[in-house]
Amino acid sequence: MDPITAIAASGMRSRTETLDALANNIANAGTAGYKADSESYNLYFGQDAWDAYDENRPMGAEMPLVQKDWTNFTQGTLLETGNMGDVALTSEGFFVVQTASGLLYTRTGHFRIGKSGKLETLDGYAVLGSNGKALQLDPTKPFTISPSGQVSQENAAVGNLQILNVDTVDNLTKRGGTYFMLSPTAKTSPAKDTQVMQGKIEGSNVEPTQATVKLVGVLRQFEALQKAVRIATEMGKEAVEQVAKVGG
Amino acid sequence: MIRALYTAGSGMTAQQTNVDNIANNLANSNTAGFKMRRAQFQDLLYQNVSQPGAASGSQTTAAAGLQLGLGAKPSANEIIFTQGDFQQTNNPYDLVIQGAGFFQIQQPNGQIAYTRAGAFQPDRNGNLVTQDGNQLTPPITIPPQAQSVTIAADGTVSFTLPGQTAAQTAGQIQLANFANPGGLNSLGKNLFTPTDASGDPTVGPPGGQEGLGTIQQGYLESSNVNVVEEFINLITSQRAYEANSKVVKAADEMYQQVNQVVS
């Protein structure tokens, strides 16, 4: 493959991945607690390119690629639901839930009291209190949560919700169901200024208009790259035909 | 690109569910005692894409993983138990619960169901029944010749008989509540039954220590559907559907472009 085709094809491939990420964002524009994904473009330097770089010559093979994705953790809009099991965080921080395979972090506060009396998410994962243990409540009574995260039943405090800040959000990977997994080496600290709002839920932070505009951009870039491939093919064809003419 | 097609497809399905739910809410905007539902969504699993070449270059920075999500799914549509408006009817058997709680209704199969719709009537035996003829539990019986039936805020039902001055008590209405009413199971006809998610009912007198609401006679609780809010939801849902369909179109166009490369 000639360099133009290879570079353009690499660009096309990355645009399809951008489209995949964009499709997922748009599909989740209505998912509470969802955080939009973006991609980071980078250049792949082939060995030839590095050799050329050392010798101060123009580079031969550097290809655009989507090297990693990053999640945009900006706050989503807080939506009033009036449901006492809905809890939203006003600033940074995550709720911590216990699953069979370890701890998961989430911003989606859809909680309920399970049959065993534990405060849990809709998926049945126990929500942890500030002491790192599941919050045990009386299933026959409704609960209230104060802005500081204190859970009470009939004016008697039962415990505090654990709300943790993560040192760098890059250490979080998505697990589906708006849960995040934290890498084991990452550090957490209790969130200080974050308020807990009962009866509200944090909406998705995807901006559908922005996403649609980006979609058009990706589409046109892809088209341009495809044109580049065609031109490169044409050039190759021309070269062969011209050479053949001279030879004949 | 096939990934983007299915991802956007899942988003369209999710928004369809949302519109179905909005349609049901709007259809019941005049149903007394109706409680709206709100659809909730979750993101699906993530696919880890290995990037060929990214880690092989000697001078390239360590590549973090590339995760691509595979769309959205409707996860739940919970019932929102906000209070509906009170509508004055002056019918002595129309009751509203001011606050939390449910009337307990005996279904024909003997099981208890729960409702916020307090439009009762005495049947031919004088028992208070719902519009479907299901009895209120514990039963309240009012003799046919009773006059001026009064139902107090604490649920005490009293009446006077012709020629008597002293009022007689027919019983006290008991209410039930749940730890998580949003997790109740809708039976239709404004009836709910408990589930594992809702927890077991706590029964008590209206206005009692259990935190149950009080009863108001001569009113009906309107549906808590906010038509304006539902229309806003409908518009956002429609736009989200549109955005997803645009993605399908974009993926299709990109696919076409690929096919044209080798024309």
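The values are calculated or read from the model by the stated rules, or taken from the named source; none is laboratory data. Since the structure is predicted, the reported quantities are computational estimates derived from the model, not experimental observations. Cβ atoms come from the backbone with ideal geometry, glycine included; neighbour counts cover every protein chain shown. SASA here: full protein model, heavy atoms, side chains in, ligands and nucleic acids out. Shrake-Rupley method; radii C 1.70, N 1.55, O 1.52, S 1.80 Å.
Listed values for segment B:34-42 are Karplus-derived 3J(HN,Hα) couplings in whole Hz (6.51 cos²θ - 1.76 cosθ + 1.60, θ = phi - 60°), namely 6, 10, 5, 10, 10, 6, 10, 10, 9, and x replaces Gly and Pro.
Largest accessible area first, the listed residues A:Tyr125, A:Tyr179 line up as A:Tyr125, A:Tyr179 when surface is computed with a 1.4 Å probe on the assembled protein chains.
Return the tail of the calculated pair distribution for chain B, meaning the percent of Cα-Cα pairs more than 22 Å apart. Above the 22 Å cut-off, chain B has 66 percent of its Cα pairs.
What FRET efficiency comes out for B:Ala153 versus A:Gln136 if R0 is 60 angstrom and r is the Cβ-Cβ distance? Round to the nearest 0.05. E between B:Ala153 and A:Gln136, to the nearest 0.05, is 0.95. Ignoring aspartates and glutamates fewer than eight residues from A:Lys68 along the same chain, the ones with Cα atoms less than 16 angstrom from its Cα are A:Glu17, A:Asp20, A:Asp37, A:Glu39, A:Asp170. Compared with the alpha-carbon gap, the fully stretched path from A:Asp170 to A:Thr74 is longer by 33.2 nm at 0.36 nm per residue.
Let a ≥ b ≥ c be the square roots of the eigenvalues of the Cα gyration tensor of segment A:77-146; is it rounded (a/c under 1.5), or, if not, prolate (a/b larger than b/c) or oblate? The shape class here is oblate.
Karplus-derived 3J(HN,Hα) values for segment A:15-27, using 6.51 cos²θ - 1.76 cosθ + 1.60 with θ = phi - 60°, are 5, 5, 5, 4, 4, 4, 5, 5, 4, 5, 4, 5, 4 Hz; glycine and proline are entered as x.
Compared with the dominant Cα axis of chain A, that is its longest principal axis, helix A:208-247 is turned about 20°. Inter-chain neighbour count for A:83-89: the average number of beta-carbon atoms from partner chains within 10 Å of each residue's beta-carbon is 4. When the square roots of the Cα gyration tensor eigenvalues are ordered a ≥ b ≥ c, the ratio a/c for segment B:175-263 is 1.5 or more and a/b exceeds b/c, which makes its shape prolate.
With all pairs of different C-alpha atoms in the average, the Kirkwood value for the hydrodynamic radius of the protein assembly as shown is 26.6 Å. Between the residues B:Phe178, A:Asn42, A:Ser91, the greatest Cα displacement towards the positive end of the dipole of the protein assembly as shown, with unit charges on the Cβ of Lys, Arg, Asp and Glu, is found for B:Phe178. If R0 equals 25 Å, the separation of the Cβ atoms of B:Asn185 and B:Asn226 corresponds to a calculated FRET efficiency of about 0.60. From its DSSP helices (H runs of at least four residues, each -39,500 (n - 2.57)), chain A gives a residue-normalised ellipticity at 222 nm of -10500 deg cm²/dmol. Using only side-chain charges placed at the Cβ, +1 for Lys and Arg and -1 for Asp and Glu, the dipole size of the protein assembly as shown relative to its Cα centre rounds to 420 debye. The convex hull defined by the C-alpha atoms of chain A has an orientation-averaged projected area of 18.7 nm².
Working ranking of peptides A:164-175, B:159-170, A:180-191 by packing, defined as the average number of other Cβ atoms within 10 Å per residue, highest first, is A:164-175, A:180-191, B:159-170.
For the segment A:30-43, counting C-beta atoms of other chains within 10 Å of every residue's C-beta and taking the mean gives 4. Computed on chain A, with alpha-carbon pairs under 8 angstrom and 6+ residues apart, the relative contact order is 26 percent. Under 5 Å from the amide H of A:Thr108 lies no amide H of any residue 5 or more positions distant or on a separate chain, with H modelled from the backbone and absent for Pro and chain starts.
Summarising the label geometry, the points placed 7 Å from Cα in the beta-carbon direction at A:Glu238 and B:Val261 lie 2.1 nm from one another. Exceedance of the 28 Å cut-off in Cα-Cα distance is limited, within the set B:Lys35/B:Lys249; A:Lys174/A:Lys227; A:Lys141/A:Lys187; A:Lys35/A:Lys192, to B:Lys35/B:Lys249; A:Lys174/A:Lys227; A:Lys141/A:Lys187.
Summing Lys and Arg as +1 and Asp and Glu as -1 over all other residues whose Cβ lies under 11 Å from the Cβ of A:Leu182 gives a net charge of 0.
Using a cutoff of 8 angstrom between alpha carbon atoms and counting only pairs six or more residues apart, the relative contact order for segment A:142-248 works out to 20 percent. Using the alpha-carbon atoms, what tilt in degrees (0 to 90, nearest 10) does helix B:227-261 show relative to the longest principal axis of chain B? That works out to roughly 20 degrees. Placing pseudo-labels 7 Å out from each Cα toward the beta carbon at A:Ser101 and B:Thr160 gives an inter-label distance of 7.2 nm.
Here the Karplus curve 6.51 cos²θ - 1.76 cosθ + 1.60, taken at θ = phi - 60°, turns the phi angles of segment A:123-138 into couplings of 8, x, 8, 5, 8, 8, x, 5, 7, x, 10, 4, 7, 9, 10, 8 Hz, with x standing for Gly and Pro. One way to sum up the overall shape of segment B:158-197 is the equivalent ellipsoid from its Cα gyration tensor, whose semi-axes run 38, 12, 5 Å, largest first.
What is the list of residues in segment A:78-97 whose amide nitrogen lies under 15 Å from a point 7 angstrom out from the Cα of A:Thr209, following Cα to Cβ? Nothing falls inside the zone, counting backbone N under 15 Å. Averaged over the residues of peptide A:170-181, the number of Cβ atoms from other protein chains lying within 10 Å of each residue's Cβ is 3. With a simple spin-label model that places each label point 7 Å from the Cα along the Cα-to-Cβ direction, the separation between A:Ala186 and A:Ala6 comes to 3.7 nm.
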